[in-house]
Amino acid sequence: MSTMPAQHGHSEACCNVPPVVSKGYDAKGSYEELGGFKTYTTGPGDATKGIITIYDIFGYFPQTLQGADILATSDDSQKYRVFIPDWFGGKPFPLEKFPPDTPEKQKELGEFFQKYSPPSVAAKVPDYLKAVQAKYPEIKSWAIIGFCWGGKVAALTVSAPDNTFKAGVQAHPAMVDPSEADKIKIPFCMLASKDEKAEDVKKFEAGLTAAPKHVEIFGDQVHGWMAARADLEDERVRSEYKRGYETVLKFLSKNM
């Protein structure tokens, strides 16, 4: 494992835990253009609730697509349609540059984080959501979920004064900032790994006072276990990956 220091506020875990490609998963959804972005779309056509997923820096990874399919197909009592916009225009951070174990790779990763800073992407989410709403007016209630880098995007989006999402979720979020929590006025769920600072997670939880919340540390899971870094060949990881998505579904069912 590389020991690259935190970059631009990211945790060391975000910068150093390598992804693991799952084997043989066939995504259930399809791709369409929405709001100027290629978008992975999955879920029933008659869904009345929608979820915008903000992926991690590896983009459309099999484990992330599988997670979207789980959200879209696993709740018998409530149907969701899930959308994953491709903020990186088909150019996520390349796997061959990970882990960033040379100065050159570290420089490229830092430049990637600067190019796609969470505040700059969060600023695009409201207009993207409006475009999706125009295409799918039957969806009346919306949630947002983000992973790692995308977790920060989700937190910034729902803490903005013009937020229209009904619920927010972040899994193994990068750049946990307890000062953001009191700006979040909607139901919010944080699922942290062992690699996020427990002190920051607890402070963030304490700051969530305006609406229902669920904050949990999956203490034996690495940063990324619900997205690109999920080693689904490992029985324990697979179990906690599943439990993570079950937890999200239960939270959304109660709070959307």
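The values are calculated or read from the model by the stated rules, or taken from the named source; none is laboratory data. The structure displayed is predicted, hence computed values, not measured ones. We place every Cβ from the backbone using ideal geometry, glycine too, and count neighbours over all the protein chains shown.
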What's the number of the condition Tyr80 fails, among (1) of a type outside the set (D, E, K, R); (2) at pLDDT below 90; (3) in contact with a helix residue (DSSP H, G or I) (Cβ under 6 Å, 6 or more places away or on another chain)?
(2)
Within the stretch 131-171, work out how many residues are hydroxyl-bearing (Ser, Thr, Tyr) and over 18 Å from Val121 (Cβ atoms).
2
What pairs come up if the first residue lies in the stretch 103-130 and is surrounded by 12 or more Cβ atoms within 10 Å (Cβ to Cβ), the second is part of a helix (DSSP H, G or I) and of a type in the set (Val, Ile, Thr), and their beta carbons are under 8 Å apart, counting only those six or more places apart or on different chains?
Pro118/Val153; Val121/Val153; Ala122/Val153; Ala122/Thr157; Val125/Val153; Val125/Thr157; Pro126/Thr157
Among residues belonging to the stretch 40-75 that are in contact (Cβ under 8 Å) with a residue 60 or more places away in the chain and assigned to a strand (DSSP E or B), point out the one that is surrounded by the fewest Cβ atoms within 10 Å (Cβ to Cβ).
Lys49
Which condition does Ile144 not pass, out of (1) surrounded by 22 or more Cβ atoms within 10 Å (Cβ to Cβ); (2) more than 27 Å from Phe93 (Cβ to Cβ); (3) of a type in the set (A, V, I, L, M, F, W, C), if it passes all the others?
(2)
Being under 18 Å from the mean Cα position of the chain (by Cα) and not in a loop (DSSP other than H, G, I, E, B) is the requirement here; does Pro119 meet it?
yes
What's the number of the only condition in (1) more than 27 Å from Asn255 (Cβ to Cβ); (2) at pLDDT 95 or above that Asn16 fails to meet?
(2)
Is it true that Ala174 is within 21 Å of Ala123 (Cα to Cα) and either buried (at least 18 other Cβ atoms within 10 Å of the Cβ) or among the small types (Gly, Ala, Ser) (or both)?
yes
Residues Pro94, Pro100, Pro137: which one is in contact (Cβ under 8 Å) with a residue 12 or more places away in the chain and either surrounded by 20 or more Cβ atoms within 10 Å (Cβ to Cβ) or more than 21 Å from Lys213 (Cβ to Cβ) (or both)?
Pro100
Under the condition of being under 15 Å from Val248 (Cα atoms) and surrounded by fewer than 22 Cβ atoms within 10 Å (Cβ to Cβ), which residue from the stretch 187-225 is farthest from the chain's Cα centre (by Cα)?
Pro212
